[in-house]
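Undergrad: Have a look at this one before I ask anything.
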């Protein structure tokens with residue numbers, strides 16, 4: 001759960017938990033399934049969903065009776081996208097980096113202890129990594145996540161990483177906090193994070209973080225591609241390019257201040 005849980009209202013927390021269950025992977029839910037997913041009585045889940053439906057945040061299909069996100073959710077997404085300067089400032093820089101690297105470029109933001117992909121430019125190569133806009137990924141196994149963790153004080157990074165287990169996605173995934181802490185220190189020295197097939201076999205990635213202290217945002221820019229195309233020397237060069245892009249988005253971000 002996000003910070004400030006001590007101040008949360010139980011019913012609101014439950015409703016937002018249900019709302020957060022809708023994703024690209026699970027865009028629709030049956031009442032019984034979502035109640036079971038969150039260990040709620042079916043009647044409680046029903047009342048919460050009906051409340052969300054009043055605000056048009058979810059809608060129930062009259063035929064199959066499943067729930068899906070409503071138009072108000074899309075409207076709120078548009079409001080966020082248009083009111084967030086980072087996205088507007090980042091898009092031309094992401095396109096430029098994608099043209100220069102010829103690989104897939106992504107912008108990720110720290111959201112609820114995960115990486116949320118908010119923008120991407122996919123490579124024009126037939127063999128390339130996905131853009132994945134709107135998806136969430138772990139912090140400990142992705143270059144975007146590790147880059148963002150490295151931009152935080154170690155105690156805060158440990159609190160984020162330690163709230164959940166560190167599952168292994170490949171044989172290269174870091175699964176312990178001591179090893180991850182060592183990696184974060186190396187990232188701070190180097191200036192960019194590496195993902196050498198840690199999140200997905202056959203994929204290599206680099207990422208550099210930036211911060212917006214006025215808005216409390218922690219984000220990162222990444223370049224990713226197939227392992228067969230990205231050598232160690234390629235990653236080093238792309239890491240520097242990612243750092244340049246990150247600093248162009250937020251020029252006042254300096255590693256010595258992080």
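The values are calculated or read from the model by the stated rules, or taken from the named source; none is laboratory data. As the structure is a computational prediction, the values presented were derived from the model and not from experiment. Note that each Cβ is placed from the backbone with ideal geometry, even for glycine, and that neighbours are counted across all protein chains shown.
Undergrad: Restricting to the range 10-37, name every residue that is modelled with pLDDT of 90 or more, part of a helix (DSSP H, G or I) and loosely packed, with under 14 Cβ neighbours inside 10 Å.
TA: Matches in the range 10-37: 12, 13, 32, 36.
Undergrad: Something else now. Among the residues of the range 45-59, what is the count of those that are touching a residue at least 24 places away in the same chain (Cβ under 8 Å) and either outside any helix (DSSP H, G or I) or under 14 Å from residue 20 (Cα atoms) (or both)?
TA: So the answer is 6.
Undergrad: Out of curiosity, is residue 198 surrounded by 21 or more Cβ atoms within 10 Å (Cβ to Cβ), modelled with pLDDT of 95 or more and out of contact with any helix residue (DSSP H, G or I) (no Cβ under 7 Å at 6 or more places or on another chain)?
TA: In short, yes.
Undergrad: Still on this structure: Any residue at all in the range 131-147 that is assigned to a helix (DSSP H, G or I), in contact with a helix residue (DSSP H, G or I) (Cβ under 7 Å, 6 or more places away or on another chain) and exposed (fewer than 15 other Cβ atoms within 10 Å of the Cβ)?
TA: So far as the range 131-147 goes, no, none of its residues is assigned to a helix (DSSP H, G or I), in contact with a helix residue (DSSP H, G or I) (Cβ under 7 Å, 6 or more places away or on another chain) and exposed (fewer than 15 other Cβ atoms within 10 Å of the Cβ).
Undergrad: Filter the range 58-86 down to residues that are crowded, with 16+ Cβ neighbours inside 10 Å and within 22 Å of the chain's Cα centre (by Cα) and give me whichever is modelled with the lowest pLDDT.
TA: Top of the filtered list is 84.
Undergrad: Starting from residues that are touching a strand residue (DSSP E or B) at 6+ places or on another chain (Cβ under 8 Å) and assigned to a helix (DSSP H, G or I), keep the ones in the range 92-123 and report whichever is farthest from residue 20 (Cα to Cα).
TA: 101
Undergrad: When only residues in the range 160-186 that are at pLDDT below 90 and within 15 Å of residue 218 (Cβ to Cβ) count, which is surrounded by the fewest Cβ atoms within 10 Å (Cβ to Cβ)?
TA: Per the stated criteria, the residue is 160.
Undergrad: Can you name every residue in the range 242-258 that is at pLDDT 80 or above and out of contact with any helix residue (DSSP H, G or I) (no Cβ under 6 Å at 6 or more places or on another chain)?
TA: 242, 243, 244, 246, 247
Undergrad: Now, a different point. So which residues in the range 148-159 are buried (at least 24 other Cβ atoms within 10 Å of the Cβ) and either outside the structural domain of residue 189 (by TED's automatic domain parsing) or touching a strand residue (DSSP E or B) at 6+ places or on another chain (Cβ under 8 Å) (or both)?
TA: Passing the criteria: 148, 150, 151.
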